[in-house]
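Worksheet for the structure shown next.
The values are calculated or read from the model by the stated rules, or taken from the named source; none is laboratory data. What you are looking at is a predicted structure, and each value in this text was computed from that prediction instead of being measured. Methodologically, a virtual Cβ is constructed for each residue, glycine included, from the backbone with ideal geometry; neighbour enumeration extends over all protein chains shown.
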Amino acid sequence: MAATNSGRLSVYRGFQISSDDETRRRVIEHLMCFSRADLHSALASTQNTPETYFADELRALEGMMDDGLVSVDDSNVIEVSPSGRFLIRSICRVFDVYATPANESRYSRLI
């Protein structure tokens, strides 16, 4: 109340979002909303390539590709299959650097 009464915003804390957070948010948002994400497009504002920037994530998706949940083409576009839509949160979790086993109980369980 004191901040508001003195003409300042009453919010004094928050989170600083990095460029990595923005890039990963873009990938996760496209996967959740459109069932596809173009990694080159997500990295357009940087000098990085998907093969280097998302190397660990692409490796982690290999098992999901074997299970037919996602596909990754030669131009690094990720497509979620119809059966993969049921596990979209697990697929997106691959790109979430803040998702750790310690944080798992904080959110609803996948299965």
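Listed by first and then second residue, the pairs linking a residue in region 74-88 that is over 23 Å from residue 41 (Cβ atoms) and polar (S, T, N, Q) to a residue that is at pLDDT 95 or above and surrounded by fewer than 18 Cβ atoms within 10 Å (Cβ to Cβ), with Cβ atoms under 7 Å apart and 6 or more places separating them unless they lie on different chains, are 83/68. The single residue among 69, 58 that is at pLDDT 95 or above and either more than 16 Å from the chain's Cα centre (by Cα) or aromatic (Phe, Trp, Tyr) (or both) turns out to be 69.
Filter region 55-84 down to residues that are outside any helix (DSSP H, G or I), aliphatic (A, V, I, L, M) and under 17 Å from residue 39 (Cα atoms), then give me how many there are. Counting residues in region 55-84 that are outside any helix (DSSP H, G or I), aliphatic (A, V, I, L, M) and under 17 Å from residue 39 (Cα atoms) gives 5.
Evaluation of residue 103 against the conditions (1) modelled with pLDDT of 95 or more; (2) outside any loop (DSSP other than H, G, I, E, B) shows that the sole unmet condition is (1).
In region 3-25, the residues that are farther than 30 Å from residue 50 by Cα and surrounded by fewer than 10 Cβ atoms within 10 Å (Cβ to Cβ) never reach a residue that is modelled with pLDDT under 85 and among the acidic types (Asp, Glu) with C-beta atoms less than 8 angstrom apart, at least six apart or across chains.
Among residues belonging to region 4-41 that are of a type in the set (Lys, Arg) and assigned to a loop (DSSP other than H, G, I, E, B), point out the one that is modelled with the lowest pLDDT. I'd like the intermediate steps shown before the answer.
To start, the set of residues in region 4-41 that are of a type in the set (Lys, Arg) comprises 8, 13, 24-26, 36.
Among the residues that remain, those that are also assigned to a loop (DSSP other than H, G, I, E, B) are: 8, 13.
Details: 8: 81, 13: 68.
Among them, the one singled out is 13.
When each of 42, 60, 37 is tested for being surrounded by fewer than 19 Cβ atoms within 10 Å (Cβ to Cβ) and under 19 Å from residue 99 (Cβ atoms), the lone residue that passes is 60.
Would you check if there is a residue in region 42-54 being in a helix (DSSP H, G or I), closer than 18 Å to residue 74 by Cβ, of a type in the set (S, T, N, Q) and touching a Lys or Arg at 6+ places or on another chain (Cβ under 9 Å)?
Of all residues in region 42-54, those in a helix (DSSP H, G or I) come to 42, 50-53.
Remaining after also requiring closer than 18 Å to residue 74 by Cβ: 42, 50-53.
Filter again for of a type in the set (S, T, N, Q), leaving 52.
From what is left, the residues that are touching a Lys or Arg at 6+ places or on another chain (Cβ under 9 Å) are none.
No, the conditions are met nowhere in region 42-54.
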